[in-house]
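What follows is a set of notes on a single structure, which appears directly below.
The values are calculated or read from the model by the stated rules, or taken from the named source; none is laboratory data. Computed from a predicted model, the values in this text were never measured in an experiment. Every residue, glycine as well, gets a Cβ built from its backbone with ideal geometry; the counts of neighbours run over all protein chains shown. Keep in mind that these areas ignore ligands, DNA and RNA; they rest on the heavy atoms of the full protein, side chains included. Shrake-Rupley method; radii C 1.70, N 1.55, O 1.52, S 1.80 Å.
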Amino acid sequence: MVNKFILPEKISPPIIAHRGASHLAPENTLAAFRMAHVSGARWVEFDVMMAACGELIVFHDRTLERTTFATGDVSDFAYEYLSTLDAGSWFDPIFRDEKIPRLTEVLNLLSHYKMAANIEIKASQGNDVEIAHKIFQVVNAWQSRHPIPLFFSSFSVLALETMRQISSEVSLALLLDQWCDEGPETLERLNCHYLSLRQEDITSETLQSVKLTQKKILAWTVNEPARAAQLFDWGVHAVFTDVPEVLIAKMA
Ligand code: G3P
Ligand code: MG
């Protein structure tokens, strides 16, 4: 059987648009992913949550207030309501028609542009196992029809464990706020492809010990070209950035 989840050897260019091109358009909206494409990025990162009705949506915060004019916990509302919200005006009124997209809408756009994705699983209220199952179901069906290169990441070890139990083929990234003693064991046990670290905490010494795990390292969120260059020099595989247009222009 064909593995629908094979990744290219390299993320190239080594720039992942964090929540889309999130300094040019409201994060995690279709506009942000279109702007990432226009910026020359081939890869985007986005956050997937589950609405009360079970629909998978692309949204970052636990609550609605920062990026919509509504209030309350995202997971308390059905998609029928969430889909009516203005998810763009907070960024700029010209984006007032941007909505909270469904996962399938984002996959559709990325397939159209032949882009690749890091799908971050945002578990909440103990739904780690359920959301991993649902995301796999949707993405697996998608990959049968319009495959794109993709991998899953999460701060939730339980969500990653669930993904790994469902499929030995998916590529996983462990997200860590800080490199810790349990890191190597978790990476091995989950057979992770990548380790994704907060860039502020990365030093050349950290990277020496991480390199012993032989995992590819990703760093977030890197908006300064000089810092990106330093991290690449140290062997970081790719960086997440809010400004793909800036980093890609510098690398050209
Ligand atoms: O995947 C890197 C980064 O997106 C993780 O943090 O809070 O931006 O989802 P956050
Ligand atoms: Mg994220």
field: Separation of alpha-carbon centers, the stretch 120-156 and the stretch 29-102, rounded to whole Å
entry: 17
- request: Per residue of the stretch 28-34, in order, report the coupling 6.51 cos²θ - 1.76 cosθ + 1.60 (Karplus, θ = phi - 60°) as ³J(HN,Hα) in whole Hz, putting x for Gly and Pro.
  value: 6, 10, 4, 4, 5, 6, 5
query: With the Cα gyration tensor of the stretch 98-201 giving a ≥ b ≥ c as the square roots of its eigenvalues, does the rule (a/c under 1.5 for rounded; else a/b larger than b/c for prolate; else oblate) give rounded, prolate or oblate?
result: prolate
- request: Give me the accessible area per residue for the stretch 173-243, probe 1.4 Å, as a whole number in Å².
  value: 46
task: Taking all protein chains together and a probe of 1.4 Å, list Asp76, Asp201 from the most accessible to the least accessible.
output: Asp76, Asp201
query: With the other protein chains left in place, how much accessible area per residue, in square angstrom, belongs to the stretch 1-85 at a 1.4 angstrom probe?
result: 42
Under 5 Å, built H, 5+ apart or other chain: amide partners of Ser153: Ile119, Glu120, Ile121, Ala173
- request: Kindly write out, for the stretch 54-67 in residue order, the coupling ³J(HN,Hα) from the Karplus curve 6.51 cos²θ - 1.76 cosθ + 1.60 (θ = phi - 60°), rounded to whole Hz, with x marking Gly and Pro.
  value: x, 5, 8, 10, 9, 6, 9, 7, 5, 10, 8, 5, 5, 10
query: How do His60, His37, His112 rank by accessible surface area computed with a 1.4 Å probe, from largest to smallest?
result: His112, His37, His60
query: Of Gln125, Val106, Phe91, whose Cα points farthest to the positive end of the dipole of the stretch 85-170 (charges on the beta-carbon: +1 Lys, Arg; -1 Asp, Glu; origin at the Cα centre)?
result: Val106
task: Quote the charge dipole size of the chain about the Cα centre in Debye, to the nearest 20; the model charges only the Cβ of Lys and Arg (+1) and of Asp and Glu (-1).
output: 920
statement: So the FRET efficiency between Ile166 and Thr203, C-beta based with R0 = 41 Å and rounded to 0.05, is 0.70
- prompt: Do you know the relative contact order of the chain, to the nearest whole percent, from alpha carbon pairs under 8 angstrom that are 6+ apart?
  reply: 21
- line: The answer for Leu85, listing residues at least 5 apart or on another chain whose modeled amide H is closer than 5 Å to its amide H, is Ile100
Cross-link reach list, lysines versus Lys114, counting only Cα pairs under 20 Å and skipping chain neighbours closer than eight places: Lys4, Lys10
- prompt: For the pair Ala226 and Glu188, what calculated FRET efficiency results from E = 1/(1 + (r/R0)^6), where r is the Cβ-Cβ distance and R0 = 30 Å, to the nearest 0.05?
  reply: 0.35
message: Which order do the peptides 113-124, 181-192 come out in when sorted by mean C-beta neighbours inside 10 angstrom, highest first?
response: 113-124, 181-192
- line: Nearest-0.05 FRET efficiency for His133 and Asp92 at R0 = 35 Å, using Cβ-Cβ distance, is 0.45
statement: Sequence order, the stretch 126-143: Karplus ³J(HN,Hα) from phi using 6.51 cos²θ - 1.76 cosθ + 1.60, θ = phi - 60°, Hz rounded, Gly and Pro as x, gives x, 8, 3, 6, 5, 5, 4, 4, 5, 5, 4, 4, 5, 6, 4, 5, 4, 5
field: Protection proxy ranking, peptides 81-93, 13-25, 203-215, average beta carbon neighbours within 10 Å, highest first
entry: 13-25, 81-93, 203-215
task: Enumerate the residues in the stretch 191-222 having an amide nitrogen under 15 Å from the point lying 7 Å beyond the Cα of Met251 toward its Cβ.
output: 217-222
Heavy-atom SASA rank of Cys180, Cys53 (probe 1.4 Å, accessible area, largest first): Cys53, Cys180
- line: GNM of the chain, Cα pairs under 10 angstrom: of Ala51, Ala219, Ala229, the biggest fluctuation goes to Ala229
task: For the stretch 58-194, give the percent of accessible area contributed by carbon and sulfur heavy atoms, probe 1.4 Å, rounded to a whole number.
output: 49
- prompt: Label point 7 Å out from Trp234 along Cα-to-Cβ: which residues of the stretch 178-210 have amide N under 12 Å?
  reply: 179, 197-210
